[in-house]
Amino acid sequence: MYDSGFFIKALLSFLYLFLLTRLMGKKQVAQLTYFDYIVGITIGNFTASMVIEPEIRPVNALVAVSVWGLLPVLQSALSRKNLMLRRVFESKPAILIENGKLREEEMRKENLTVHNVMVLLRKGGNFKLDDIQLAVLETTGDLSVLKKKSASNATVNDLHSKPQREPRVLVIEGHIMDGTLKELQLTRDWLLKELEKQGVKHLKEVLLAQLQSDGTLYIDQWSGIIEDAL
């Protein structure tokens, strides 16, 4: 049998959620932080529960949705007026790469591995670590990249040159990527000799080693205590 109460609750939840999202503004979509993501999911769950779970009173669900919807609005208003509260409520961007070198301390703070950072770089079309002047992890989780001038200025010769293979990572945090070596038809002995040529005494000293398009090996070494970093 058709339940008219179900339709009324569904319509009420839709209208209320529409008004609430208009009040919250476009930040929920335009600047989606991890906390914003959790808030959005929670509000959606409360609203759905009001419609499909008869044991939950609609008024209780509306109160819960209101609390989770209006508190972020209040938080944003307080952040705009008070610098101290803004620092408490909002995280700061983190510099992950500076002048082609990974910053291990910032990576640890953000709970990121070298692999995570390289994935973020490749998503933005940046494959060569040595080309990066600055890479900043924004509060939204996006990675903003500033390339070195030497990497961003293309010449006429570049336009007519043959396409080069993309740079490939051979070592991450002291671990050799054997699959990549095999794919490139390179050996461990060759890699270790190349590392030794650049002053690397032990594999654990290498944070990241990347084979460049021109065949040279770019190395980023740990700047802190190796045992603590691995």
Report, ordered by the first and then the second residue, all pairs with beta carbons closer than 8 Å, sequence separation of six or more or different chains, a first member in segment 118-134 that is over 14 Å from Leu96 (Cβ atoms), and a second member that is among the aliphatic types (A, V, I, L, M) and at pLDDT 90 or above.
Phe127/Leu121
Kindly indicate whether Gly100 is open to solvent by less than 70 Å² (accessible area, probe 1.4 Å) and free of Cβ contacts under 8 Å to residues at least 60 places away in the same chain.
no
Need pairs with beta-carbon distance below 6 Å; first residue touching a residue at least 40 places away in the same chain (Cβ under 8 Å) and within segment 34-59, second of a type in the set (S, T, N, Q) and open to solvent by less than 50 Å² (accessible area, probe 1.4 Å); sequence gap 6+ or separate chains.
Met50/Ser13; Val51/Ser13
Residue list for segment 63-73, restricted to those being open to solvent by 40 Å² or more (accessible area, probe 1.4 Å) and aliphatic (A, V, I, L, M)
Val63, Val67, Leu70, Leu71, Val73
Could you go through segment 182-202 and let me know if any residue there is modelled with pLDDT under 90, surrounded by 14 or more Cβ atoms within 10 Å (Cβ to Cβ) and of a type in the set (Lys, Arg).
no
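The values are calculated or read from the model by the stated rules, or taken from the named source; none is laboratory data. Computed from a prediction, not measured in an experiment: that's the story for all the values here. Glycine gets a Cβ as well: all are built from the backbone with ideal geometry, and neighbour counts include every protein chain shown. Please note that ligands, DNA and RNA were not included when accessible areas were found on the heavy atoms of the full protein model with its side chains. Shrake-Rupley method; radii C 1.70, N 1.55, O 1.52, S 1.80 Å.
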